[in-house]
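**Student:** Pasting a structure here, questions to come.
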Amino acid sequence: MKTKLLTFTVLLIAFCEVTAQKIYKTEQGHIEMMTMVDSKPIKAESHKLALYLDYDSKVVKGILDLKTLSTNAPEINTILEEQEDPLILRFTGTIPSVDFLSNRHEPINFNWVVDVTYQGKTYKSQFKATIAHIEQGLSMSCLINATGQVLVSKTNLDSLIPGLDKTIDVQFAQLVLKLE
C-alpha cells in the first residue's frame, strides 16, 4: 500500500510540475486611452486591465471593464460610474514569436492584429507592438508594449458618451515573467 501511495504522490507532483505555469495572468494591468470629446482632449486610464498570456500558444487575452476608467473629465467619470451593467471590452491576439520568453533577444517589433469585442460586436484592429527583453538579476522578463486605435463606430461608445471622436488611441505595457 505504501508503494502505491508513494507512486501516486510522485505522479501527482510530476503532473503538477508539467502543467504549472502555462498561463501568465494579471488583473492589475495598466492601460491608457486618449481621445477627443467635443474637441477637448480626454485621457483615461485604468489599473484593472486583466491580461492572460498562454505560454504555449502565445495568445494574449485582455479584459477591461470601462467603468474602471478614470478620466480627466468629471462628467465622463459620472457617465461611466452610473452605468448599471459592466462595460466589458475584450481583446485577443496571438504574438508571432515562438520563443520570446525563453532566450535573450533584441526588441521584437511587429504589427499585432487583435480581435476587439464590445457589447457582442467584434472587429479586427491592428496595433504596433514591441517585445523587449529585460534582465532582472538572475531572472528574465519581457515587456510587451502595444499601441493602436479602437474605432468608436464599431463599438457604439458614442451613444454612451456624446461628442466622442471617431477613434480612441490605446496604449498598454505589461511586464511578463519568463517561463521557468
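**Student:** From V152, V98, V113, V170, which residue is of a type in the set (V, I, T) and modelled with pLDDT under 85?
**Tutor:** V98
**Student:** On to the next question. Just to be sure before I move on: is Y55 surrounded by fewer than 17 Cβ atoms within 10 Å (Cβ to Cβ), at pLDDT 90 or above, within 17 Å of the chain's Cα centre (by Cα) and hydroxyl-bearing (S, T, Y) in the structure I sent?
**Tutor:** no
**Student:** Looking at K67, is it open to solvent by less than 80 Å² (accessible area, probe 1.4 Å) and more than 25 Å from Q119 (Cα to Cα)?
**Tutor:** When the stated conditions are applied, K67 does not pass them.
The values are calculated or read from the model by the stated rules, or taken from the named source; none is laboratory data. Bear in mind that the values here come from a model prediction, so they are computed numbers and not experimental data. Please note: Cβ atoms are built from the backbone with ideal geometry, for glycine as well, and neighbour counts cover all protein chains shown. For accessibility, only protein heavy atoms count, side chains too; no ligands or nucleic acids. Shrake-Rupley method; radii C 1.70, N 1.55, O 1.52, S 1.80 Å.
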